[in-house]
Amino acid sequence: MYEDSLEAVYLFIERAGIRLKVNEVLVECLEDGNTASFQDLIEELIVAGPDSLRIVREILSEVDLMLDKMKEKAYEGNYETKCDGDCQAVQKSGNYQSHIVMMNEIQDYLNDWLWGLIYLSTRHEWAQAYTSSNKSRWLL
């Protein structure tokens with residue numbers, strides 16, 4: 001019982017740490033105007049192989065959340081109401097569009113790698129199941 005709750009605490013702390021790191025890297029990317037630092041982070045995880053699948057999913061979740069917030073802010077800040085007898089919404093120009101485009105590119109990049117890791121993970125599991133079934137078949 002104690003070990004299960006301790007494991008849950010470790011997982012929570014790990015998730016929080018991952019989300020903080022991802023936020024740092026994403027903010028850096030948006031400030032610099034390129035995705036190189038994010039790609040470096042992901043490539044380090046990819047080298048680790050299928051074991052990093054859970055972490056990449058966590059990163060994708062954080063990217064999705066950040067992108068949704070950016071779209072919401074862009075939508076809220078992109079319109080102002082003018083009332084000259086008739087109230088109407090007038091579109092303002094915002095600087096969110098370039099950030100949203102970059103975040104969509106990051107999301108696509110991450111989804112591509114995630115599918116690759118899912119494939120590797122499945123292939124690895126099948127290979128283990130196949131080799132273990134072959135070994136047991138030949139044992140007497």
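Here's the list of aspartates and glutamates a cross-link from residue 21 could span, going by alpha-carbon distance under 14 Å and ignoring same-chain residues fewer than 8 apart: 40, 44, 58, 62. Using R0 = 22 Å, the C-beta based FRET efficiency linking residue 73 and residue 24 works out to 0.70.
On the beta carbon distance between residue 101 and residue 7, with R0 = 41 Å, the FRET formula returns roughly 0.55. Max-minus-min Cα coordinates of segment 5-76 on each principal axis give 41, 28, 16 Å, with the largest extent listed first.
Each reported figure results from applying straightforward, stated rules to the coordinates on display, with no laboratory input. Just so you know, these numbers come straight off a predicted model, no measurement behind them. As a convention, Cβ positions derive from the backbone with ideal geometry for all residues, glycine included, and neighbour counts pool all protein chains shown.
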